[in-house]
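The values are calculated or read from the model by the stated rules, or taken from the named source; none is laboratory data. No experiment lies behind these values; they were computed from the predicted model shown. Glycine also receives a Cβ, built like all others from the backbone with ideal geometry; neighbour counts cover every protein chain displayed. The protein model used for the area step is the full one, side chains on, heavy atoms only, and it has no ligands, DNA or RNA in it. Shrake-Rupley method; radii C 1.70, N 1.55, O 1.52, S 1.80 Å.
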Amino acid sequence: MAFSSKVLQNFFAIFRAGFIWTCVLCVPGEARFSRFRTFGSASVSRSEPAVDENWFVQRLDHFNGADSRVWKQRYFVNDRFYKPGGPVFLMIGGEGPANPAWMQYGTWLTYAEKFGALCLLLEHRFYGKSHPTEDLSLEGLRFLSSRQALADLAHFRTVTAESRGLTSSKWVAFGGSYPGSLAAWFRLKYPHLVHASIATSAPVYATVNFPEYLEVVQKSLAAENPECPVLVKNASDTLIARLKDPKTYDSITKDFRLCSKLDIQSDMDSAYLLETLAGNFMDVVQYNEDNRAFEGVVGTNVTIKVLCDVMLDSTLGEPYDRYAAVARLLQNTFSQSCTDSQYSHYVQYMSNTSWIGAGVLYGRQWVYQTCAEFGFYQSTDSPNQPFGGFPLIYHLQQCKDIYNLNASVADAVQQTNEEYGGYDIRSTRIVFPNGSIDPWHALGVISNITDDLPAVFIKGTAHCANMYPARAEDLPQLTQARDQIFLLLQKWLKEC
C-alpha cells in the first residue's frame with residue numbers, strides 16, 4: 001500500500017522514540033509504543049566517510065536442527081583502532097535499523113581506541129535491512145524473539161572469530177535499552193563466547209504492566225518545577241472530560257491540529273489520542289538532553305525545561321491550552337502538519353505485513369515482541385502520575401486487534417523472566433549504567449548485585465546518556481560514569 005501524506009506526517013508521532021527504541025541505537029525517535037531507542041535509521045551526514053555494509057549468512061531457526069534455511073544479516077566493521085591481540089567490541093542492534101553513524105561516534109569508540117579493539121555492529125533480525133523471512137506475517141514473526149537474537153549473536157561471534165583469527169580475543173558486548181538487555185543476557189547465556197558486557201539502560205525485568213514509567217515521568221517533570229506535572233495533570237483531566245462531550249470535538253480537532261475531525265467511537269479511540277499526546281512528554285523526558293544530534297535526530301533542543309516553560313506560561317491560556325501548545329510545538333519541531341488521531345488507522349497500518357509497508361514504520365515487529373515476550377506497557381494505572389485514559393487493557397487489546405493473538409501476555413512475560421532471571425541475574429562481568437531521568441531505569445539494575453555485577457546510576461541523565469559522544473556541557477557525574485566503565489573494562493580485560 002502506498003504511504004499517504006498523513007501516514008508520513010504521523011510517523012514521528014508514533015515512531016518518535018526509539019529505540020529503544022534502542023540506544024546507540026536510535027531511530028530519529030523511539031516508538032511511541034515502546035519508548036525504546038534503536039540503532040537508528042537516521043542518515044549519516046554526506047560529509048562523513050561511507051561505512052560499508054557487510055552480510056553474514058545466518059540460520060533462520062537456531063533451535064531446530066532439521067531446519068536448514070538461512071538468510072543474510074547486516075553488520076558493520078570499524079577496524080581503524082584494532083591492534084593485533086586486542087579485544088573485539090560487539091555492538092548489538094535493537095528494534096530499529098542499525099545506524100552506521102555509531103561506527104564513527106560514541107563512547108565505545110573512545111574505549112576501543114584505548115584498548116586497540118576491533119568494533120562490530122550486528123543488526124537485529126527483522127529490523128533494518130535484516131530480513132529473515134519474505135514478509136512480516138505471523139508465520140514469519142514466530143522467528144522473532146530475544147532467544148533467536150541471542151543465538152544470532154552467538155553464531156556470528158563463533159564464525160567471525162574463526163574467519164578473522166579472533167578465537168583467542170576477548171569479546172565485549174555493548175548495548176543500550178533493549179540491546180542493553182541483550183548484552184546482559186548474551187553474557188548470561190553464552191559466557192564462553194562473551195567476556196564482559198556493558199548493559200546500558202537495560203530493562204532486564206519483563207512486566208506486563210509498567211505504570212512506573214509514567215511515575216518517573218512525573219518525578220522528572222517535578223525536578224524541573226514542582227508545578228509542571230500538576231499543570232500537566234490538570235490539562236490531561238480537562239481533555240478527558242471534554243472527550244466525553246461530542247460538542248467539543250471540533251475545538252479539540254483545531255486545538256491539537258488533528259488530521260481529521262475527532263470521532264470517538266470507542267474507548268480505544270480516546271485512549272489512542274490520549275496516549276499520543278502524553279507521548280510528547282514521555283519522549284522528551286526519556287531522551288532529555290541526550291547528545292543524539294550526530295545520529296540525525298531532530299528535536300534534541302526540546303527538553304523538559306522547554307516543555308515545563310510552556311506549561312507554566314499563563315499567557316497561553318489555561319493548562320489545557322498550554323498542553324495543546326506543547327503538541328503544536330512538537331508538530332512544528334518534527335515538521336508535522338497534523339496528527340492522525342484515529343485508532344482504526346493505526347491498526348490498519350500496523351496490520352500491513354510488507355517489508356515496505358506502513359507496518360514497518362509503525363513498529364509492527366517491536367509491538368509483536370511486547371505481546372510475545374516483554375509487555376512493558378506504559379499504562380496510566382498508577383495514581384502517582386499526571387496522565388489518564390490509556391489503561392493496561394488498551395495495550396493488551398492491541399495484541400488482539402493487530403495480530404489476532406489471544407495467548408496470555410502474562411504467561412509470555414513469566415517465561416521471559418524464567419529464561420533470564422529478571423533482576424536476579426547470576427553472572428559476572430556485566431555493568432549496568434542507568435540514568436535517573438530515564439523512566440526505563442525502573443526495570444533496570446540500579447544498585448550492585450555483586451562486585452562483579454555493578455550498577456552505575458547517573459543522577460540527572462536520561463536514556464543511554466553514557467553511550468553518546470562526550471561534550472563540554474556534560475554533567476560531572478556523567479563524565480565520572482564513563483570513566484568508571486572504562487576502569488571496569490580495564491580490570492575485566494586483564495582477567496582470564
Qualifying residues in the stretch 251-277 (those that are part of a helix (DSSP H, G or I) and surrounded by fewer than 17 Cβ atoms within 10 Å (Cβ to Cβ)) - the one modelled with the lowest pLDDT: D267
From the residues in the stretch 394-422 that are of a type in the set (A, V, I, L, M, F, W, C) and at pLDDT below 95, which one is surrounded by the fewest Cβ atoms within 10 Å (Cβ to Cβ)? A407
Among the residues of the stretch 380-396, the number that are within 20 Å of the chain's Cα centre (by Cα) and assigned to a helix (DSSP H, G or I) is 3
Among the residues of the stretch 458-478, count how many are surrounded by fewer than 19 Cβ atoms within 10 Å (Cβ to Cβ) and either within 21 Å of the chain's Cα centre (by Cα) or over 22 Å from V285 (Cβ atoms) (or both). 5
How many residues of the stretch 423-471 are outside any loop (DSSP other than H, G, I, E, B) and among the β-branched types (V, I, T)? The answer is 5
Kindly indicate whether any position in the stretch 347-359 is open to solvent by 40 Å² or more (accessible area, probe 1.4 Å) and in contact with a Phe, Trp or Tyr (Cβ under 8 Å, 6 or more places away or on another chain). no
Restricting attention to the stretch 76-86, which residues are touching a helix residue (DSSP H, G or I) at 6+ places or on another chain (Cβ under 7 Å) and either part of a strand (DSSP E or B) or open to solvent by 10 Å² or more (accessible area, probe 1.4 Å) (or both)? F76, N78, F81
For the stretch 190-219, name all the residues that are open to solvent by less than 10 Å² (accessible area, probe 1.4 Å) and among the polar types (S, T, N, Q). S197, T200, S201
Restricting to the stretch 133-156, name every residue that is open to solvent by less than 20 Å² (accessible area, probe 1.4 Å) and either part of a loop (DSSP other than H, G, I, E, B) or basic (K, R) (or both). L136, F143, L144
Cβ-Cβ under 6 Å, sequence separation 6+ or interchain: first residue in the stretch 76-91 and over 20 Å from S197 (Cα atoms), partner in a loop (DSSP other than H, G, I, E, B). Which pairs? K83/G116
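Being among the aliphatic types (A, V, I, L, M), in contact with an Asp or Glu (Cβ under 9 Å, 6 or more places away or on another chain), within 24 Å of Q397 (Cβ to Cβ) and not in a loop (DSSP other than H, G, I, E, B): is that true of V347 here?
On the way: among the aliphatic types (A, V, I, L, M): yes; in contact with an Asp or Glu (Cβ under 9 Å, 6 or more places away or on another chain): yes; within 24 Å of Q397 (Cβ to Cβ): yes; not in a loop (DSSP other than H, G, I, E, B): yes.
Taking the combined requirement at face value, the residue satisfies it.
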Taking the stretch 54-75 as the search range and keeping residues that are under 21 Å from A173 (Cβ atoms) and among the charged types (D, E, K, R), which one is surrounded by the most Cβ atoms within 10 Å (Cβ to Cβ)? R74
Just one of Y377, Y368, Y362, Y403 is aromatic (F, W, Y) and over 17 Å from the mean Cα position of the chain (by Cα); which is it? Y403
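Yes or no, residue by residue, for (1) at pLDDT 95 or above; (2) surrounded by 19 or more Cβ atoms within 10 Å (Cβ to Cβ); (3) part of a helix (DSSP H, G or I):
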| position | (1), (2), (3) |
| --- | --- |
| Y249 | yes, no, yes |
| G279 | yes, yes, yes |
| V298 | no, no, no |
| N301 | no, no, no |
| L307 | yes, yes, yes |
Looking at the stretch 330-342, is at least one residue within 24 Å of F210 (Cα to Cα) and not in a loop (DSSP other than H, G, I, E, B)? no
For the stretch 402-422, check the following and say yes or no: at least one residue is touching a strand residue (DSSP E or B) at 6+ places or on another chain (Cβ under 8 Å), more than 25 Å from G363 (Cβ to Cβ) and outside any helix (DSSP H, G or I). no
Scan the stretch 426-452 for residues that are more than 16 Å from Y377 (Cα to Cα) and surrounded by fewer than 20 Cβ atoms within 10 Å (Cβ to Cβ) and jot them down. R426, S427, T428, S436, I446, S447, N448, I449, T450, D451, D452
Could you grab me the full set of residues in the stretch 91-116 that are touching a Ser or Thr at 6+ places or on another chain (Cβ under 9 Å) and open to solvent by less than 10 Å² (accessible area, probe 1.4 Å)? I92, G93, G94, E95, G96, A98, N99, A101
For residues in the stretch 220-247 being closer than 22 Å to Q265 by Cβ and among the hydrophobic types (A, V, I, L, M, F, W, C), which is most open to solvent (accessible area, probe 1.4 Å)? A241
Between residues in the stretch 102-122 that are part of a helix (DSSP H, G or I) and of a type in the set (G, A, S) and residues that are at pLDDT 95 or above and open to solvent by less than 30 Å² (accessible area, probe 1.4 Å), which pairs lie under 8 Å by C-beta distance while being six or more apart or on different chains? A112/N78; A112/F89; A112/L118; A112/C119
Looking at the structure I just gave you, is G106 farther than 26 Å from M350 by Cβ and of a type in the set (G, A, S)? yes
